[in-house]
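A.B. asks: Dropping a structure here in structure tokens format, bear with me for questions.
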Amino acid sequence: MYDKFLKRVIDIIFVLILLFPLLVISVFIAIAIKIDSKGPIIFKQKRLGKNGKEFNIFKYRTMIDNAEKVGSGLITFEGDNRITKVGSILRKTSLDELPQILNVLKGDMSLVGPRPPVPYHPREYHEYTKVQKKRFIVRPGITGFAQVKGRNSLSWDERIKLDLEYIKKQNILLDFTIILLTVVKVFKRDGIHGNKSKSDVERKVKKKVSNN
């Protein structure tokens, strides 16, 4: 009942309450992005949503235009020179995620849930095991259990394990707890970047990006 009905109602009410102040903040962010670097204000990217269906996620652009095709591809790290000055601030404060309220209103996402991966990383949808695919039975979230447990510092296998744990436990109290812990994480700036390593996974991602 919570996931199928009440959670969606809470998402919409929460977003509508915050919509006006977020729009005001968004005007200043948009101006700062345009002044700081060339390229679009909004960054769109294909992600895997509920039941493995692809959708466009919206974020404020925090890197140089076409950054996915440069350097380490999807992998970012502290000191990554592809991240713009304004983008660095947006990432540290998680303000780059604000446009995802549009995804919530559209029904692509929820406030809380597993973060949606790109269609080819860490693996394609058909490559997930039957158990791992259970993370896709709910709408993905702007924040989630894995984000408050370690964010980008966790491996994908660790994140998926936490996502599955969340799905088993999800309830209104847990969601509000995750939102509060997310605020704490933002202020502490924990787990913003992944590790700068040249693993097989990273090379696979770079190859796929260059072929797109």
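A.B. asks: Relative contact order of the chain, please, whole-number percent, based on alpha carbon pairs below 8 angstrom and at least 6 residues apart. Spell out each step's value before the answer.
C.D. replies: Working: 271 pairs, mean separation 50.6, N = 212.
Relative contact order comes out at 24 percent.
A.B. asks: At 0.36 nm per residue, minus the direct Cα-Cα distance, what do W156 and S26 gain on full extension? Give it in nm, one decimal, please. Write down the numbers at each step before the final one.
C.D. replies: Numbers: separation 130, 0.36 × 130 = 46.80 nm, distance 3.07 nm.
The span from W156 to S26 would gain 43.7 nm if fully extended.
A.B. asks: What FRET efficiency would be calculated for the residue pair K34, N66, taking the C-beta separation as r and a Förster radius of 25 Å, to the nearest 0.05? Present the calculation step by step, with values, prior to reporting the outcome.
C.D. replies: Numbers: r = 17 Å, r/R0 = 0.68.
Efficiency at R0 = 25 Å is approximately 0.90.
A.B. asks: Roughly how many percent of the accessible protein surface of the chain is carbon and sulfur, given a 1.4 Å probe and a whole-percent answer?
C.D. replies: Details: 7370 of 11880 Å².
Ligands and nucleic acids excluded, carbon and sulfur give 62 percent.
A.B. asks: Another question, if that's okay. Just the number please: accessible area per residue for the chain, 1.4 Å probe, all protein chains included, in Å².
C.D. replies: Numbers: 11880 Å² over 212 residues.
Here the residues of the chain average 56 Å² of exposed surface.
A.B. asks: Work out which helices of the chain, taken as complete DSSP H runs, extend at least 15 Å along their axis over the Cα atoms and score a mean Kyte-Doolittle of 1.6 or more, then list them. Show your work: numbers first, answer last.
C.D. replies: Details: long enough: 7-36 (38 Å, 2.22); 156-169 (20 Å, -1.13); 172-188 (24 Å, 2.01); 200-211 (17 Å, -1.57).
Both cut-offs are met by 7-36, 172-188.
A.B. asks: Using square roots of five times the C-alpha gyration tensor eigenvalues, list the equivalent-ellipsoid semi-axes of segment 1-113 in whole Å, biggest first. Numbers along the way, then the final one.
C.D. replies: Values: eigenvalues 149, 65, 24 Å².
One finds semi-axes of 27, 18, 11 Å for segment 1-113.
A.B. asks: What full-extension length gain, to one decimal in nm, is calculated for L105 and K4 as 0.36 nm per residue of separation minus the Cα-Cα distance? Walk me through the numbers on the way to the answer.
C.D. replies: Working: separation 101, 0.36 × 101 = 36.36 nm, distance 1.55 nm.
Extending this stretch completely gives an extra 34.8 nm.
A.B. asks: Where the eigenvalues come from the Cα gyration tensor of segment 129-169, what are the semi-axes √(5λ) of the equivalent ellipsoid, largest first, in whole Å?
C.D. replies: Largest first, segment 129-169 gives 16, 12, 8 Å.
A.B. asks: Which label belongs to the value computed from this structure, given these candidates for semi-axes √(5λ) of the Cα gyration tensor in Å: (i) 28, 24, 16; (ii) 25, 23, 16; (iii) 32, 22, 17?
C.D. replies: Entry (ii).
A.B. asks: Work out which trypsin sites (Lys or Arg not before Pro) in the chain are exposed loop sites (DSSP not H, G, I, E or B, at most 15 other Cβ within 10 Å) and give the longest gap free of them.
C.D. replies: 54-122
A.B. asks: Any idea how far the Cα center of segment 115-152 sits from the one of segment 1-73, in Å?
C.D. replies: Here the answer is 17 Å between Cα centres.
A.B. asks: Further question on the same structure: Assuming R0 = 22 Å, can you tell me the calculated FRET efficiency for the pair K130 and K168, based on Cβ-Cβ distance, to the nearest 0.05?
C.D. replies: Details: r = 16 Å, r/R0 = 0.71.
Here the calculated transfer efficiency is 0.90.
The values are calculated or read from the model by the stated rules, or taken from the named source; none is laboratory data. What you are looking at is a predicted structure, and each value in this text was computed from that prediction instead of being measured. So basically every Cβ, Gly included, is an ideal-geometry build from the backbone, and we count neighbours across all protein chains shown. Just the protein is used for accessible areas: all its heavy atoms, side chains included, with ligands, DNA and RNA removed. Shrake-Rupley method; radii C 1.70, N 1.55, O 1.52, S 1.80 Å.
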